[in-house]
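See below for the structure under consideration.
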Amino acid sequence: MGYTYRPMPRHYWIDTSGCQMNERDSETIAGICEALGMSPCEDPADAVVAILNTCAVREKPQERVYSRLGELRKLGGKGEGPIIVVAGCVAQIAAEELRRRGADIVVGPRCYDMLQAALENLTRGCTLTEDPARPVEEGLPVCRSTDLTAFVNIIYGCDNYCAYCVVPYARGREQSRKPEDVLAEVRGVVKRGCRDVTLLGQNVNSYGNDLTEPVDFTELLRRVDAIEGLDRLRFTTSHPKDMTSELIEAMAELPSACEHLHLPLQAGSDAVLEAMGRGYTCEHFRSLIGGAREAMPGLSVTTDVMVGFPSETEEDFEQTMRAFERIRFDQAFMFKYNDRPGTRAARMEPKVPEDEKQRRLEKLVKLQNETAREINVALEGEVFEVLVEEADPKSAGHVRGRTRGHKLMIFPGPEALIGEMVKVRAVKGFLWGWMGER
Ligand code: SAH
Ligand code: SF4
């Protein structure tokens, strides 16, 4: 308990796992540290404050938090070494365990406004987690990791309670940001040179349900698109049960809206989708994708899927395979189902054995990798607009960036191109994108 007195600060170190929301939250945490006069460092041993921003969606990353915490503890005895902060979803759902294992400050995703005071005093020993309906504060400092692209939250939390998912417990109730706050943040990043904005929410289609002003997600998209100087607008994640044809029309019509749709399928079997509580059928999902592809030729479609949900039969899994064969996703994030504490699915039986989940995952990954490569090879010779983001870390004299479809393009070029939109011809397709030339 109590305080450790030291001359005020030097470095902070931050490690981020999980989704884009955590990446955006880490920019807030970094902003808070910088407002206190700290600067970032690469090695936690040099830090006054070491922060782990954590993900609880699956078990493995959560276990990794405990081992990283143990390593950080070794950097100092009690009251020595960096102040260890654990933030993010694990902080919210396992605060006591983290404190027991030596975290100095545990702070949940809705409580970053309280972090500043705790860090100012270099407090060792506090838990900043609150009830899941606590409103998220506006106006916290932010230190962005890049000026070219930006994540902007539009809705916090999730009210969907899919049977397998811990997010509603970790991130709390849905809370839409006011449209003017979203617009102000987008204007701010565009002014600083940002050209590609991604609007974030667990279910962006719920945007506005809790606002007094009648602004839904489609209307918000229109207002953001109207901001001068914004070249590219994306969003994630859309929920298939709430995706509307108005949204697809708006995407097709708005100049900045990218030809990229991330729509999580989760499973190809209607019985499994029903048990997951997802609220749509595979057929409905396919019709959504069909409509979107018709409205936006060249649309790139990405998804999330899991195998081995409780009671998933071989036939259920084969339906996921068939859905992948028919839909042909550009990219997919594929997971083995994992029991999460407190969720409905954790209590569902029968469980699919681990080796069976592994077999199904490998089979699906193989199919998806082949599909992605085929799609990209078929597009060889086409010219794409690329926002050049950085020097390619693997090949000297090359730079890389993303297309409007969010595919990676690596091509020979000087670093002076970073920040530019350039036309690049896809020369050779791979599963991740293309090697190209100007
Ligand atoms: N809000 C988003 C994503 C939330 S979590 C959505 O609705 O899609 C990101 C992905 O992790 C999910 O899409 C799902 O595929 C995966 N996931 C979530 N809980 C999981 C669990 N218990 N086991 C395995 N994968 C899980
Ligand atoms: Fe989890 Fe479902 Fe909410 Fe996505 S929509 S965060 S999968 S509960």
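All of the numbers you see were taken from the coordinates with simple rules; none came from a lab. Source: prediction; values computed, not measured. Cβ sites come from the backbone with ideal geometry, for glycine too, and all protein chains shown count toward neighbours.
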Loop-resident GluC sites (Glu not before Pro) in region 301-390 with no more than 15 other Cβ atoms inside 10 Å, DSSP not H/G/I/E/B, are E380, E382
Residues meeting the amide H criterion for Q266 (H placed from the backbone, H to H distance under 5 Å, 5 or more places apart or on another chain) are D304, V305, M306
Per-residue Cβ contact counts at 10 Å, fewest first, order M296, M321 as M321, M296
For K351, the aspartates and glutamates lying under 12 Å Cα to Cα, once residues fewer than eight places off in the same chain are dropped, come out as E312, D339
Cys in the chain lacking any partner Cβ under 4.7 Å -> C19, C33, C41, C55, C89, C111, C126, C143, C158, C194, C258, C282
Karplus-derived 3J(HN,Hα) from phi for region 118-125 (6.51 cos²θ - 1.76 cosθ + 1.60, θ = phi - 60°), whole Hz, x at Gly and Pro, runs 5, 6, 4, 8, 6, 5, 10, x
Treating only Lys and Arg (+1) and Asp and Glu (-1) as charged, each at its beta carbon, one finds that the chain has a dipole about its Cα centre, in Debye to the nearest 20, of 900 debye
Shape descriptors of region 146-258 over alpha-carbon atoms, Rg and Dmax in angstrom, are 13.9, 42
Applying the gyration tensor rule to the Cα atoms of region 383-437 (axes a ≥ b ≥ c; rounded if a/c under 1.5, else prolate if a/b exceeds b/c, else oblate), the class is oblate
Counting sequence-distant residues (5 or more places) and residues on other chains, those with an amide H built under 5 Å from that of R144 are none
If R0 = 30 Å, then M348 and R101, at their Cβ-Cβ distance, give a FRET efficiency to the nearest 0.05 of 0.50
For I155, I327, ascending order of other Cβ atoms within 10 Å (fewest first) is I327, I155
A student asked for the Cα radius of gyration and Dmax of the chain in angstrom ought to give 22.3, 65
In Å, the Kirkwood hydrodynamic radius from C-alpha pairs for region 132-186 sits at 12.9 Å
Within the under-15-Å Cβ sphere about P412, not counting P412, Lys/Arg +1 and Asp/Glu -1 give a net charge of +1
